[in-house]
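Novice: Questions regarding the structure given below will be posed in turn.
The values are calculated or read from the model by the stated rules, or taken from the named source; none is laboratory data. Since this is a predicted model, take the numbers as computed values, not measurements. Backbone-built Cβ (ideal geometry, glycine too); neighbour counts: all protein chains shown.
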Amino acid sequence: MAWLKIARLQFYPMTWLAYSLGAFAQSAVSGRFSLRIYLLGYLVLFLIEFCTILANEYFDYESDRQNVNFSTFTGGTRVLVEERLSFREVRTGILIGLAMIPVPGYLLIRSAERGSPSTFLFLLLLGLFLGLGYTVPPLKFSYRGAGEIVVGFTHSAYVILCGFVFQGGYWKDPAPWLLSVPLFFAVLAANTLAGIPDRRADRAVLKRSAAVIFGSRLAALFAICFVCAAFLSGALLGYLRLFPVPLSYWGLLVLPHSLLLLRSLFRFLRSDRLDGRINDIIGLSLSYIIWFGLLPIIAIW
């Protein structure tokens with residue numbers, strides 16, 4: 001049960017949706033879809049995400065230990081803090097996860113009938129670099145003020161591009177990059193908000209999240225801008241017929257969710273609990289992300 005908790009499986013569907021979006025977008029154009037490549041590609045991404053999450057738990061221990069606002073969404077899983085697993089066990093889990101990557105990675109590269117093996121290899125190495133580099137020294141992107149940008153990129157453009165390229169697409173094709181724009185802003189909003197309850201603990205260990213650098217109020221204002229940018233960029237791309245979601249779906253499904261999220265954020269800004277738990281707002285922002293992967297997939301199908 002401790003391993004299930006530390007793996008944080010509730011966050012994997014968002015990566016899977018973005019990866020599927022890239023894969024289906026390419027197959028819709030080419031008329032071909034390889035289930036073998038799709039499964040191998042996602043297995044590698046799953047293992048990279050698993051290792052990243054365990055590494056975050058390991059190297060964020062000091063922040064998590066001091067965090068009084070921990071919840072389902074923030075402050076880590078507390079499996080290490082509560083000594084349900086040891087540091088040695090988590091290190092072993094990371095090493096086993098990393099050791100499992102080469103086999104499906106090799107099979108994926110060998111299956112690259114319509115793509116460049118070197119491009120496949122580069123994408124896999126990039127995922128490891130950005131994922132582990134989020135908290136692992138010496139990179140520690142989240143401790144240097146780049147954490148939100150890295151998460152926004154990896155959970156939008158990177159995984160969409162993987163799905164697209166693995167199915168035979170070209171990385172310079174504008175399609176995966178355009179598809180990732182609304183998703184990038186939605187992920188950026190959620191990740192910025194997730195740093196607010198952790199602000200005091202992160203500041204104590206010199207972790208420079210947006211909330212630490214700019215303060216909770218300004219971080220929430222940034223999140224409001226990102227929520228609006230996600231909705232407007234998706235609507236604009238849909239209007240220009242560059243984003244495969246009818247504007248009617250956008251207005252009936254995404255607009256009410258965005259307005260509800262914005263209402264909650266403005267109420268938060270008027271409150272005096274700027275450093276407390278905001279589980280309801282984070283939950284709304286995380287579920288908001290799903291629209292930007294699910295609706296394009298439905299439209300493509």
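Novice: I need the full set of residues from segment 186-201 which are surrounded by fewer than 24 Cβ atoms within 10 Å (Cβ to Cβ) and either of a type in the set (S, T, N, Q) or farther than 19 Å from Thr77 by Cα (or both), in order please.
Specialist: none
Novice: Provide a single number: the residues in segment 219-248 that are closer than 18 Å to Ile297 by Cα and crowded, with 17+ Cβ neighbours inside 10 Å.
Specialist: Of the residues in segment 219-248, 10 are closer than 18 Å to Ile297 by Cα and crowded, with 17+ Cβ neighbours inside 10 Å.
Novice: Among helices (runs of 4 or more DSSP H) lying entirely in segment 54-122, which contain 3 or more residues that are farther than 30 Å from Tyr38 by Cα? Walk me through how you get there before you give the answer.
Specialist: On the way: elements: 61-66, 87-100, 102-110.
Ranges flagged: 61-66, 87-100.
Novice: So which residues in segment 197-255 are more than 19 Å from Tyr288 (Cα to Cα), of a type in the set (Ser, Thr, Tyr) and in contact with a Leu (Cβ under 8 Å, 6 or more places away or on another chain)?
Specialist: Ser216, Tyr239
Novice: Does any residue in segment 215-243 that is more than 10 Å from Ala186 (Cβ to Cβ) come within less than 8 Å, Cβ to Cβ, of a residue that is surrounded by fewer than 19 Cβ atoms within 10 Å (Cβ to Cβ) and charged (D, E, K, R) six or more places away or on a different chain, and which pairs are these?
Specialist: Note: pairs meeting the criteria are Ser216/Asp275.
Novice: Here is a follow-up. Listed residues Arg78, Arg84; which is closer than 30 Å to Gly276 by Cβ, modelled with pLDDT under 95 and in contact with an Asp or Glu (Cβ under 7 Å, 6 or more places away or on another chain)?
Specialist: So the residue among Arg78, Arg84 that is closer than 30 Å to Gly276 by Cβ, modelled with pLDDT under 95 and in contact with an Asp or Glu (Cβ under 7 Å, 6 or more places away or on another chain) is Arg78.
Novice: Of the residues Arg114, Arg88, which single one is more than 23 Å from Ala190 (Cα to Cα), in contact (Cβ under 8 Å) with a residue 24 or more places away in the chain and of a type outside the set (Asp, Glu)? If you could, list the steps in order and put the result at the bottom.
Specialist: Numbers: Arg88 fails: in contact (Cβ under 8 Å) with a residue 24 or more places away in the chain.
Unique residue meeting the criteria: Arg114.
Novice: Then there's this: Take Val151 and decide whether it is surrounded by 21 or more Cβ atoms within 10 Å (Cβ to Cβ), closer than 21 Å to Trp16 by Cα and free of Cβ contacts under 8 Å to residues at least 60 places away in the same chain.
Specialist: Numbers: surrounded by 21 or more Cβ atoms within 10 Å (Cβ to Cβ): yes; closer than 21 Å to Trp16 by Cα: yes; free of Cβ contacts under 8 Å to residues at least 60 places away in the same chain: yes.
It is true that Val151 is surrounded by 21 or more Cβ atoms within 10 Å (Cβ to Cβ), closer than 21 Å to Trp16 by Cα and free of Cβ contacts under 8 Å to residues at least 60 places away in the same chain.
Novice: Out of Val245, Val227, I need the residue that is among the hydrophobic types (A, V, I, L, M, F, W, C), under 22 Å from the mean Cα position of the chain (by Cα) and more than 23 Å from Glu148 (Cβ to Cβ). Which one? Spell out the reasoning first.
Specialist: Working: Val227 fails: more than 23 Å from Glu148 (Cβ to Cβ).
Matching residue, one of Val245, Val227: Val245.
Novice: Follow-up. Among (1) surrounded by 19 or more Cβ atoms within 10 Å (Cβ to Cβ); (2) under 30 Å from Arg273 (Cβ atoms); (3) of a type in the set (A, V, I, L, M, F, W, C), where does Ala204 come up short?
Specialist: Ala204 satisfies all of (1) surrounded by 19 or more Cβ atoms within 10 Å (Cβ to Cβ); (2) under 30 Å from Arg273 (Cβ atoms); (3) of a type in the set (A, V, I, L, M, F, W, C) except (1).
Novice: Would you please name the residue that is surrounded by the most Cβ atoms within 10 Å (Cβ to Cβ), looking only at residues in segment 250-285 that are of a type outside the set (S, T, N, Q) and part of a loop (DSSP other than H, G, I, E, B)? Spell out how you get there, then give the answer.
Specialist: Here is the first cut: in segment 250-285, the ones of a type outside the set (S, T, N, Q) are 250-257, 259-263, 265-270, 272-278, 280-284.
From what is left, the residues that are part of a loop (DSSP other than H, G, I, E, B) are 272-278.
Values: Asp272: 6, Arg273: 10, Leu274: 16, Asp275: 16, Gly276: 14, Arg277: 17, Ile278: 26.
Only one residue tops the list, namely Ile278.
Novice: Looking only at segment 275-301, filter to residues that are under 16 Å from Ser71 (Cα atoms) and among the β-branched types (Val, Ile, Thr); which one of those is modelled with the lowest pLDDT?
Specialist: Ile278
Novice: Another question about this same structure. For Leu108, work out the one condition from (1) modelled with pLDDT of 90 or more; (2) within 25 Å of Arg200 (Cβ to Cβ) it doesn't fulfil.
Specialist: So Leu108 meets the others, but not (2).
Novice: Regarding segment 124-145, can at least one residue be identified that is among the β-branched types (Val, Ile, Thr), in contact with a Gly (Cβ under 9 Å, 6 or more places away or on another chain) and closer than 27 Å to Ser258 by Cβ? Walk me through it before giving the result.
Specialist: Narrowing segment 124-145 to residues among the β-branched types (Val, Ile, Thr): 135-136.
Still in the list and also in contact with a Gly (Cβ under 9 Å, 6 or more places away or on another chain): 135.
Among the residues that remain, those that are also closer than 27 Å to Ser258 by Cβ are: none.
No, segment 124-145 contains no residue that is among the β-branched types (Val, Ile, Thr), in contact with a Gly (Cβ under 9 Å, 6 or more places away or on another chain) and closer than 27 Å to Ser258 by Cβ.
Novice: What tally of residues in segment 170-181 results from selecting those that are surrounded by 24 or more Cβ atoms within 10 Å (Cβ to Cβ) and either modelled with pLDDT under 95 or over 13 Å from the mean Cα position of the chain (by Cα) (or both)?
Specialist: 2
Novice: So Leu43 clears everything in (1) surrounded by 23 or more Cβ atoms within 10 Å (Cβ to Cβ); (2) at pLDDT 95 or above except one condition, right? Which one?
Specialist: Condition (1) is where Leu43 drops out.
Novice: While we're here: Anything in segment 14-38 that is loosely packed, with under 13 Cβ neighbours inside 10 Å and part of a helix (DSSP H, G or I)? List them, or say none. Working first, answer last.
Specialist: The first filter runs over segment 14-38 and keeps only residues loosely packed, with under 13 Cβ neighbours inside 10 Å, leaving 30-32, 35-36.
Ser30, Leu35, Arg36 - these are the residues of segment 14-38 that are loosely packed, with under 13 Cβ neighbours inside 10 Å and part of a helix (DSSP H, G or I).
Novice: Another question, then. If you take just the helices (runs of 4 or more DSSP H) that sit entirely in segment 124-238, which of them hold at least 3 residues that are small (Gly, Ala, Ser)?
Specialist: Numbers: elements: 147-153, 159-166, 174-194, 199-204, 210-214.
Passing ranges, in order: 174-194.
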